[in-house]
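> Below you'll find the structure I mean.
The values are calculated or read from the model by the stated rules, or taken from the named source; none is laboratory data. Given the structure is predicted, the values throughout are model-derived calculations rather than measurements. For neighbour counting, all protein chains shown are included, and Cβ atoms are generated from backbone atoms with ideal geometry for every residue, glycine included.
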Amino acid sequence: MKTLIIENIDPKKIGELMTVSRLFCDIPDIIALGEGQIPGLFGKAWQTDKTVAANLVSSVTAIIKQENYDVILMSVSTLGTGLAGPLSVALSAPVVTEVTFVHPDMVIERPVYGGKAIIKQKLESTPAILTIRRKYFETAKLEGTTESVLLDSIEQKVKLVAEKHEQTEGIPLEDADVIVSGGRGIGVSDNFTMLQHMADQFNGAVGASRGAVDEGWASPTKQIGQTGKIVAPSVYFAVGISGASQHLAGIANSKCVVAINKDEDANIFNRARFGIVCDYKKIVPVLTQAIMEDR
Ligand SMILES: Cc1cc2nc3c(=O)[nH]c(=O)nc-3n(C[C@H](O)[C@H](O)[C@H](O)COP(=O)(O)OP(=O)(O)OC[C@H]3O[C@@H](n4cnc5c(N)ncnc54)[C@H](O)[C@@H]3O)c2cc1C
């Protein structure tokens with residue numbers, strides 16, 4: 001099936017979409033946004049440094065019609081979310097958002113109800129537009145680079161007035177292999193440094209539940225869950241977090257969840273592979289020390 005990737009120049013995002021594209025074709029084409037070389041080997045490639053989705057709709061639509069693509073792939077991101085709807089209307093094409101799995105014959109899985117259920121949909125017409133959740137597919141190793149032509153005829157419907165970049169110290173949550181997250185059970189803002197110390201031993205990152213963010217102990221940029229970040233680390237430590245469904249929606253693809261909670265009936269234990277029923281203040285320093293000694 002003829003497949004087009006639309007993505008910012010980011011090797012991780014492009015690598016994940018490349019993996020998905022291989023379920024449909026040998027070599028996809030790409031529309032790459034941003035400056036620099038396009039990583040990976042593609043058939044045809046177009047590029048622009050313009051990144052506002054609303055301004056790209058007509059030029060991207062023209063290319064999809066001209067090249068007759070069957071599948072259009074984008075990440076779940078500001079760009080993907082901004083383009084999927086307008087492209088669907090312009091092309092009269094079905095769109096499936098937040099895709100987490102692709103079966104043969106265009107049967108697509110996506111979570112619904114905040115991750116409590118998975119829906120399977122079979123796409124019966126093309127072109128079909130899919131936005132892919134980050135970290136659910138392997139990042140393909142991208143060999144070489146691809147020469148591109150300029151994506152032209154871009155409209156100016158929306159003017160980008162300013163961009164404010166999130167200030168992140170250390171590893172971004174989305175890329176962290178180990179996350180230590182704190183909830184309302186942490187009790188005081190200062191004790192987040194205890195979690196940071198533990199995360200540092202793993203070269204990991206600190207996250208937070210909305211409970212902790214609402215208390216003002218953690219920045220909203222650290223919130224994990226339905227209205228926060230979707231993460232998929234190898235190990236997720238949930239410390240003083242009750243395990244509300246909205247929080248679990250953000251950690252569904254974590255490989256191993258370790259819960260530390262003093263309430264043995266806390267819902268987080270239903271999601272955890274390992275559970276420690278204890279006051280976190282007793283166990284976190286002990287765990288941190290043990291990890292330090294083990295290195
Ligand atoms: C539309 C909507 C969207 C939402 N989006 C999100 C979201 O994106 N992310 C999110 O996290 N939530 C979200 N929520 C909020 C969610 O429903 C919960 O209210 C929130 O996750 C609770 O945070 P918490 O687990 O930290 O706090 P609590 O539910 O108050 O739990 C605190 C836990 O800490 C434990 N504890 C207390 N003291 C200790 C101690 N000393 N040692 C160990 N354990 C201790 C307690 O036993 C308890 O289980 C959303 C809610 C709505 C309605």
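> Can you tell me which of 52, 71 is at pLDDT below 95 and under 21 Å from the mean Cα position of the chain (by Cα)?
When all the criteria are applied, what remains is 52.
> Name the pairs: first residue in segment 147-170 and on the phi > 0 side of the Ramachandran plot, second residue assigned to a loop (DSSP other than H, G, I, E, B), Cβ to Cβ under 9 Å, at least 6 apart or on different chains?
170/176; 170/203; 170/204
> Yes or no: segment 162-178 includes at least one residue that is touching an Asp or Glu at 6+ places or on another chain (Cβ under 7 Å), among the polar types (S, T, N, Q) and more than 10 Å from the ligand (Cβ to nearest atom).
Taking every residue of segment 162-178 in turn, none turns out to be touching an Asp or Glu at 6+ places or on another chain (Cβ under 7 Å), among the polar types (S, T, N, Q) and more than 10 Å from the ligand (Cβ to nearest atom).
> Still on this structure: In segment 263-295, which residues are under 19 Å from residue 251 (Cβ atoms) and of a type in the set (S, T, N, Q)?
267, 270
> Here is a further query. Please go through (1) in contact with a Leu (Cβ under 7 Å, 6 or more places away or on another chain); (2) within 19 Å of residue 154 (Cα to Cα); (3) surrounded by 21 or more Cβ atoms within 10 Å (Cβ to Cβ) for residue 61 and return the number of the only condition it doesn't satisfy.
Here residue 61 meets the rest and fails (3).
> I would also like to ask the following. Within segment 36-45, can one find any residue that is crowded, with 16+ Cβ neighbours inside 10 Å, hydrophobic (A, V, I, L, M, F, W, C) and closer than 13 Å to residue 151 by Cβ?
Checking segment 36-45: at least one residue is crowded, with 16+ Cβ neighbours inside 10 Å, hydrophobic (A, V, I, L, M, F, W, C) and closer than 13 Å to residue 151 by Cβ.
> Working only within segment 203-254, note down all residues that are more than 9 Å from the ligand (Cβ to nearest atom), surrounded by fewer than 20 Cβ atoms within 10 Å (Cβ to Cβ) and either within 12 Å of residue 184 (Cα to Cα) or more than 17 Å from the chain's Cα centre (by Cα) (or both).
203, 216, 219 - these are the residues of segment 203-254 that are more than 9 Å from the ligand (Cβ to nearest atom), surrounded by fewer than 20 Cβ atoms within 10 Å (Cβ to Cβ) and either within 12 Å of residue 184 (Cα to Cα) or more than 17 Å from the chain's Cα centre (by Cα) (or both).
> Shifting gears a bit: In this structure, is residue 233 touching a strand residue (DSSP E or B) at 6+ places or on another chain (Cβ under 6 Å) and over 22 Å from residue 293 (Cα atoms)?
yes
> Could you list, in sequence order, the residues of segment 110-135 that are in contact with a helix residue (DSSP H, G or I) (Cβ under 8 Å, 6 or more places away or on another chain), surrounded by 12 or more Cβ atoms within 10 Å (Cβ to Cβ) and at pLDDT below 95?
Scanning segment 110-135 gives 114, 115, 123, 134, 135.
> Tell me, which helices (runs of 4 or more DSSP H) wholly within segment 181-295 include 3 or more residues that are under 20 Å from residue 171 (Cα atoms) and among the polar types (S, T, N, Q)?
Output list reads 192-201.
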